[in-house]
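Before any comments, here is the structure.
The values are calculated or read from the model by the stated rules, or taken from the named source; none is laboratory data. Keep in mind the model is a prediction, meaning the values are calculated, not measured. Glycine gets a Cβ as well: all are built from the backbone with ideal geometry, and neighbour counts include every protein chain shown. These area figures cover heavy atoms from the full protein model, side chains too; ligands, DNA and RNA do not enter into them. Shrake-Rupley method; radii C 1.70, N 1.55, O 1.52, S 1.80 Å.
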Amino acid sequence: LRPKSLLGRKVLVTAGPTFEAIDPVRGITNLSSGKMGFAIARAAREAGAEVTLVAGPVALATPRGVRRLDVRSAQEMHDAVVPIAAQYDVFVATAAVADWRPATLAPHKIKKDGKKLAPSFELTENPDILATVAALPKPPYCVGFAAESENLLAHARSKLERKRVPLVVGNLGPATFGKDHNSLLLVDAQGHRELPPGGGMADKQTLARLLVAEIAGRLAAYQA
Ligand code: C5P
């Protein structure tokens, strides 16, 4: 049996996309499946942690023993996470949170009538959930994710500094959204390393277990 490296710890995970409404039937979203976040929640639970999973709109079953809160928009995810985050030892932000939302919500479905021009929307910035949690007076150990199409290491490093988090995890696999296999790049102040060690790809549940083991190791040093 695997040793319970997170026994007695509380872990909070965000997962999936967010959905930013334009009108009652339309919205802006992205291709995040939530698979990595759900796999991390499952792995943290297996490691003995008490786990809360805050999920955007996804079609995935709740891992056994995990408490799940469903949200839709970035603002809802923020409002679910921020008030409870200080009670946790670890916060893993895997959600692909929309950076912007339509500035106003149309009360009725926008119609394509007459010779009117195509509608245009003004966008407004969403709150940064990870940066907000990392800036709490006593923040949990915060882990950010980076899904980049280029310069992964440089982007991960700048995210580390910009959001003031101790660990950023980059997706090395091409077009990871929805896929079952991936490889990860862990970037912290000391340097960077790949998971699985030695290169290659692994399924997301295996990667999640490896990542949870890494987090458990760093947590002891962080809280000391
Ligand atoms: O800024 P960017 O979206 O590239 O950063 C990605 C990381 O920040 C992910 O861990 C994501 O979950 C988190 N994030 C967040 N709230 C936002 C935007 C990103 O928690 N509004």
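Tabulated data for the structure shown
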{"quantity": "Condition broken by residue 197, with the remaining ones in (1) open to solvent by 70 Å² or more (accessible area, probe 1.4 Å); (2) part of a helix (DSSP H, G or I) satisfied", "calculated": "(2)"}
{"quantity": "In the stretch 136-160, the residues that are away from the ligand (no atom under 12 Å from the Cβ) and within 26 Å of residue 221 (Cβ to Cβ)", "calculated": "136, 137, 138, 139, 140, 141, 153, 154, 157"}
{"quantity": "Residue match in the stretch 21-41 (condition: open to solvent by less than 10 Å² (accessible area, probe 1.4 Å), charged (D, E, K, R) and within 20 Å of residue 76 (Cβ to Cβ))", "calculated": "yes"}
{"quantity": "Residue match in the stretch 7-16 (condition: touching a residue at least 40 places away in the same chain (Cβ under 8 Å) and out of contact with any helix residue (DSSP H, G or I) (no Cβ under 8 Å at 6 or more places or on another chain))", "calculated": "yes"}
{"quantity": "Checklist (1) within 14 Å of the ligand (Cβ to nearest atom); (2) open to solvent by less than 20 Å² (accessible area, probe 1.4 Å); (3) hydrophobic (A, V, I, L, M, F, W, C) applied to residue 47, failing item", "calculated": "(1)"}
